[in-house]
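Each value in this text was obtained by applying a stated rule to the coordinates, not by laboratory testing. Just so it is clear, the model here is predicted, and its values are computed rather than measured. Every residue, glycine as well, gets a Cβ built from its backbone with ideal geometry; the counts of neighbours run over all protein chains shown.
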Amino acid sequence: MGTILVIDDDDQLRQSFQKLLTQEGYRCIGAASGEAGLELLEVESPDLVILDMRLPGMNGLETFKQIHLLEPKLPVIIMTAYGTTETAIEATKMGAFDYVLKPFDIPDILKIIAQGLDAGKFMRSPVEMDMVPDGGFKEAIIGRSQPMQEVYKAIGRVSSTEATVLIRGESGTGKELGARAVYQHSLRKDKPFLVINCVAIPETLLESELFGYEKGAFTGAVHRRIGKIEQANGGTIFLDEIGDMPLSLQGKILRLLEERCVERLGGRETIPVNVRIIAATNRNLEEAISEGRFREDLYYRLKVVTIWLPPLRERPSDIPLLTDYFMARFSRQASVDNPGVTEETKALLSQQFWHGNVRELANTIHKALIFNRGTPLSPEDILRAIGQDVHPGGVEDMDDEKGIVQWVRKEMMNRHREDLFDAIMDRAASIVISETLKVTEGNRSQAAKLLGLSRPTLHSKIEKYHLKMKTSVSSD
Ligand SMILES: Nc1ncnc2c1ncn2[C@@H]1O[C@H](COP(=O)(O)OP(=O)(O)OP(=O)(O)O)[C@@H](O)[C@H]1O
Ligand SMILES: [Mg+2]
């Protein structure tokens, strides 16, 4: 799940992190000084560092510089108190991933950690193209079909150029993997790579996240913040889901592409930046343009080099290969022997439509593996994982529906309140989450994956519904 090194001289804070991060499924190691942290860095090769600015001996900024020198791609989150904000900003300019002000909220820090780990994974774990599954040890773009060969060629061609790249394709076709492959084969592969998901960040925050702001730019802007674009200077920025970017920001991105500069919010200074842009979207941009939701000028700027990822149904010959790959990968992740799949199962998998493309195939295999007891996956296992009734002839489980209808009616009879919808949804959500946690034996990371929720979201729902489950790793 990832090892996190916490460098802080406050014993209590390190212990709190230890407890929190272990509960979240991470491995946490601690160091009380910069010097001790640097030693651990070499021995333990952590995936992320959380670093306090105020340290005895070597100070936080100096420690950061050393870490950055040794491991330029390791994401470092700086913790700072009000007095040391300036040095934290200094560190972000030099490439620290982000900083948080003490005291911080747990969901906030968990979110930044998850983002940092993702960013680190993007930069550090190589994505191989067109390789034979090797037991699931490496992350790879799997596929031998003709349409995928075209994708590899396109990635190869654009990687060594400085061109802006637009990656298109339906949801779950591997656009994010494609973006990483472009970056990792590019001339900028040793420079930072930052990911901005344009839908995951609320519109009001996206602008300041990308462009940064000056002190006093708006209420709450108590100090200067460096935006991600400026932070990625010299490197690459991946604008994921660009089709969902608000119109107001599209103009600023166009300016960045044309003039290679940014302005922080509330700032007068024009700051030159040298970043390569990779963008991705599953939206129909042409339609968005005709509906006035996407700027045509930006579209033409972006689309010069477009890589299309084919939907899975157009390359069914890749499905057996992908199946073997995911079986190996997920078995290894769960530390179980790979039970394999039968030929009939492969045939069934190859016939499905896969609306959700590779992601849906992967999730289906993952689910089927969780319930598997060591025998090769059968077509029935797959159908159950897809959620179809395995009884011959029937497609929907009518009994389930009846049960839900009865439950809703009972709630309506009993409740004289005006929040029936929310009450029923909450109840359903709490059942779904607690059942999933039972299946994963309390492992929240695995549960979050199965449910398609981020860990912080799952965490907050567990709190909300008071689902106090014992986790397999926690001590309480
Ligand atoms: N060719 C492939 N080989 C191996 N794994 C793949 C391949 N394509 C996609 N995946 C896996 O499927 C999942 C979805 O891929 P990814 O996130 O890249 O999709 P996407 O196109 O960005 O989807 P969305 O539009 O929903 O964001 C990921 O777990 C990814 O690792
Ligand atoms: Mg994506």
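Run the dipole for the chain about the Cα centre, Lys and Arg Cβ at +1, Asp and Glu Cβ at -1, nothing else charged, and hand back the magnitude in debye, nearest 20.
Roughly 360 debye for the chain.
Provide the three semi-axes, in whole Å and in decreasing order, of the ellipsoid equivalent to the chain as defined by the square roots of 5 times the Cα gyration tensor eigenvalues.
Output for the chain: semi-axes of 37, 30, 25 Å.
Rounded to the nearest 5, what % of the DSSP beta bridges within the chain are antiparallel ones?
Among the beta bridges of the chain, antiparallel pairing accounts for roughly 10 percent.
If you count, for each residue, the other Cβ atoms within 10 Å and average over each peptide, how do 171-178, 350-357, 216-223 line up from highest to lowest?
Values: 171-178: 21.5, 350-357: 15.5, 216-223: 11.9.
Per-residue Cβ counts within 10 Å, averaged per peptide and sorted highest first, yield 171-178, 350-357, 216-223.
Normalised by the residues of region 3-115, what does the relative contact order come to in percent, with Cα pairs under 8 Å and at least six apart?
Over region 3-115, the number comes to 22 percent.
So what is the 222 nm mean residue ellipticity for the chain from helices alone, if each DSSP H run of at least 4 adds -39500 (n - 2.57) and you divide by all residues, rounding to the nearest 500 deg cm²/dmol?
For the chain, the value works out to -14500 deg cm²/dmol.
Among Phe326, Ala347, Gln231, which residue has its Cα furthest toward the positive end of the charge dipole of the chain, with +1 on Lys/Arg Cβ and -1 on Asp/Glu Cβ?
Gln231
What per residue convex hull volume, in Å³, comes out for region 156-242 when only alpha-carbon positions are used?
So the per-residue Cα hull volume is 97 Å³.
Show log10 I(q)/I(0) for region 146-309 at q = 0.10, 0.11, 0.15 Å⁻¹, two decimals, from a solvent-free Debye sum over equal Cα scatterers.
-0.36, -0.44, -0.80
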